[in-house]
Amino acid sequence: MGKKYLSRVGSLIRYHITRLLLESSNDERLQQVNITDVVVNRDTTRAEVFYSLLGSAEERVEVQAALDKAAGWLRSELAPVLRLRNLPQLVFAFDPSLVQGERIEALLSQLQADGVLSPDASSSVATPSWSVADASVKSADDADADEWGDDDDWDDDEDGADDDWDEEDDDWDDDDDDDDDGPESGA
């Protein structure tokens, strides 16, 4: 199957599983789950459903067991909605990105509390004091161009216009907008 099709099927499965867990699930543990991504294999027989959950390791184990138990119910609820020839088997996997983000946020807060990091530094990206434009290093091609008086930004007629683009013929077809020159001009 094509990547676009697999991506579309994955996003549909993600949407419907999220909706089912929030609206139709009787298990309160499943209502706390965030579905982060769904990856469908090439023959659409298996879908890895990645989820995240803020909580302890014990809660994650309980939620994993509850999701594995609910996989058959979710699959039966997805079948009439998706109407695929092969409805993929749902395999749930924990996505640690949300937990890692929470841990990084806690570390930044601790550094701010200790005075090591200023409060505005955590929200902005540090930029270097120099830039590539400031560097005065030339490549071998630039050195040759300077030696011969050439440069890469030359223009034959020196009118400053990009000669590859004809402003009057911008419709990208074979017809020329200038009807005054050509054998098709009516007479």
(request) Write down the radius of gyration of the stretch 60-101 and its Dmax, each obtained from C-alpha positions, in Å. (result) 13.0, 38
(request) Compute the convex hull volume of the Cα atoms of the stretch 27-90, divide it by the residue count, and report the result per residue in Å³ as a whole number. (result) 86
(message) Restricting to DSSP loop positions (anything but H, G, I, E, B) with no more than 12 other Cβ atoms inside 10 Å of their own Cβ, which trypsin sites (Lys or Arg not before Pro) remain in the stretch 9-57?
(response) ARG42
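Since every read-out is calculated from the coordinates, none of them should be taken as a lab result. Fair warning: this is a prediction, and the values are worked out from it, not measured in the lab. Counting neighbours? That spans all protein chains shown, and the Cβs are built from the backbone with ideal geometry, glycine included.
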